[in-house]
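Here is the structure we will look at.
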Amino acid sequence: MNVPLLDLVAQFRTIRDEVLPSLMAVIERQQFILGEEVAILERRIAELTACRHGIGCASGTDALLLPLRTLDLRPGDEVITPSFTFFATAGTIHNAGGTPVFVDIDPATFNLSPAAVEAAITPRTRAIIVVHLFGQMASLETILEIAGRHGLPVIEDAAQAIGAKRLIDGRWRVAGELGLVGTLSFFPSKNLGGWGDGGMMLTQDDALAERLRRLRTHGGNRQYYHDEVGYNSRLDTLQAAVLLAKLPHLESWSAARRERAARYTEALAGLQGVCPPPVDSANQHIFHQYTLRVERRDGLVEHLRASGIGCAVYYPLALHRQPCFAHLGYREGSLPATEAATASVVSLPVYPELSQAQQDAVIAAVRRFYQ
Ligand SMILES: Cc1ncc(COP(=O)(O)O)c(C=O)c1O
């Protein structure tokens with residue numbers, strides 16, 4: 001049986017009659033730029049994430065870049081970030097004029113190690129980016145406490161963690177709620193994915209929201225008047241219409257991912273050479289990815305592909321070892337937990353439409369390799 005890593009066609013079949021009329025409504029009105037669907041989606045996502053403001057933009061990458069621009073970074077200013085993340089987290093620091101300072105992860109959750117964050121703070125540190133990787137929130141409360149002591153803003157990169165929650169001081173808090181800015185991506189493969197690129201910035205801060213709105217329209221809030229140099233980075237109305245039609249399903253989709261994750265973990269726990277992803281008991285994981293840590297990873301990937309099972313390695317080369325950051329001087333061994341993760345992780349299909357028979361085929365293929 002062939003099992004793709006992700007099956008967006010299967011998802012489309014289940015929502016076709018909801019999405020197509022929403023798209024047609026935009027097409028009938030021909031209001032493609034900042035049409036009413038964008039404002040409605042911004043309100044709904046702000047509600048979902050317990051934020052005062054949601055500001056749509058062109059991608060999850062721009063959702064990071066624009067808030068970083070508000071820091072007015074100068075050459076040599078440092079922003080702390082994990083190295084075990086998608087490239088955009090650090091690429092945007094560079095493009096906003098700063099220097100990424102890469103720190104190591106907690107090997108269990110793949111998320112930033114708070115102790116490593118604290119150790120990396122210098123007089124040049126201007127901000128910390130926390131990534132909630134694979135759909136599980138980082139130890140945000142500890143990092144916020146450290147940041148607070150040093151007077152540093154925290155940006156939450158929640159591109160992979162829309163709606164993920166963490167129990168903090170007895171209250172469930174949502175990814176993006178507590179940082180100065182939270183950022184989302186609507187890349188098609190995300191738990192809430194558009195039919196193209198899209199992103200959103202979240203904040204509780206009214207003045208910052210105003211500035212981010214300006215930055216997404218060339219730095220001005222009146223047409224043809226520009227307070228600063230900004231970007232053309234708006235969330236497309238057609239994308240907002242797709243996302244609005246999909247949004248009512250998000251909770252059940254993420255719950256279905258959690259069920260599939262639990263089924264994998266039950267089936268694979270105890271298998272020699274395989275370590276299922278632990279979920280921090282304070283977290284409600286949304287399983288954007290189900291990522292195992294395994295022995296003989298490259299052999300497993302080859303075996304799965306030969307068996308028709310989709311899988312992927314997120315991420316094979318950590319950002320501190322990328323050629324474009326070679327000038328920063330990190331060496332092999334600089335971030336041992338990160339490098340160990342890049343050598344041993346593999347992600348399996350975990351989407352809501354994955355049938356039990358398909359999942360059984362994935363489990364059987366993994367078992368065959370290790371038994
Ligand atoms: C952790 C993380 N940050 C940022 C991004 C960038 O989002 P986008 O692809 O929408 O630009 C992604 C998306 O893949 C991501 O996974």
Query raised in the report: Along the three principal axes, how long is the chain when you take its alpha carbons, biggest first, rounded to the nearest angstrom?
Result: 66, 54, 42
Query raised in the report: From a point 7 Å beyond the Cα of Glu332 in the direction of its Cβ, which residues of region 294-316 have a backbone N at a distance under 18 Å?
Result: 296-298, 316
Query raised in the report: Working out 0.36 nm times the residue gap between Ser252 and Glu145, then minus their Cα-Cα distance, what length gain in nm do you get to one decimal?
Result: 35.2 nm
**Report entry** Inter-probe distance in nm under a simple model that places probes 7 Å from Cα toward Cβ, at Arg43 and His226
**Finding:** 3.2
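Sort 242-249, 9-16 by packing, meaning the average of other beta carbons within 10 Å per residue, with the highest value first.
Peptide ranking by packing, descending: 242-249, 9-16.
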Report summary line: Taking a ≥ b ≥ c as the square roots of the Cα gyration tensor eigenvalues, with a/c under 1.5 meaning rounded and otherwise prolate when a/b beats b/c or oblate if not, region 321-371 comes out prolate
Query raised in the report: Quick one: length gained pulling Thr265 to Ala207 fully straight, 0.36 nm per residue minus the C-alpha distance?
Result: 16.4 nm
Report task. Estimate the FRET efficiency between Gln31 and Arg367 by the formula 1/(1 + (r/R0)^6), using the beta-carbon distance for r and 51 Å for R0, to the nearest 0.05. Result -> 0.45
Query - Helical segments meeting 24 Å axial Cα length and Kyte-Doolittle -1.0 threshold in the chain (DSSP H) - result: 8-29, 250-268
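Need one word for region 22-106: rounded, prolate or oblate. Basis is the Cα gyration tensor (sqrt eigenvalues a ≥ b ≥ c); a/c below 1.5 gives rounded, then a/b vs b/c decides. Kindly include the intermediate steps, with their values, before the conclusion.
Numbers: a/c = 2.65, a/b = 2.23, b/c = 1.19.
Prolate.
Cβ neighbours within 10 Å, averaged per peptide: list 120-132, 253-265, 216-228 in order, most packed at the top. Write down the numbers at each step before the final one.
Working: 120-132: 20.5, 253-265: 18.8, 216-228: 13.3.
Going by the mean number of other Cβ atoms within 10 Å, highest first, we get 120-132, 253-265, 216-228.
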Query - Computed over region 260-316, Kirkwood Rh from alpha-carbon pairs, angstrom - result: 12.6
Query raised in the report: Arranged from highest to lowest average of other beta-carbon atoms within 10 Å per residue, in what order do the peptides 61-70, 323-332, 99-108, 145-154 appear?
Result: 61-70, 99-108, 145-154, 323-332
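Just so you know, all these numbers are worked out from the coordinates, no wet-lab data involved. Small disclaimer: the values here were computed from a predicted structure and weren't measured. As a convention, Cβ positions derive from the backbone with ideal geometry for all residues, glycine included, and neighbour counts pool all protein chains shown.
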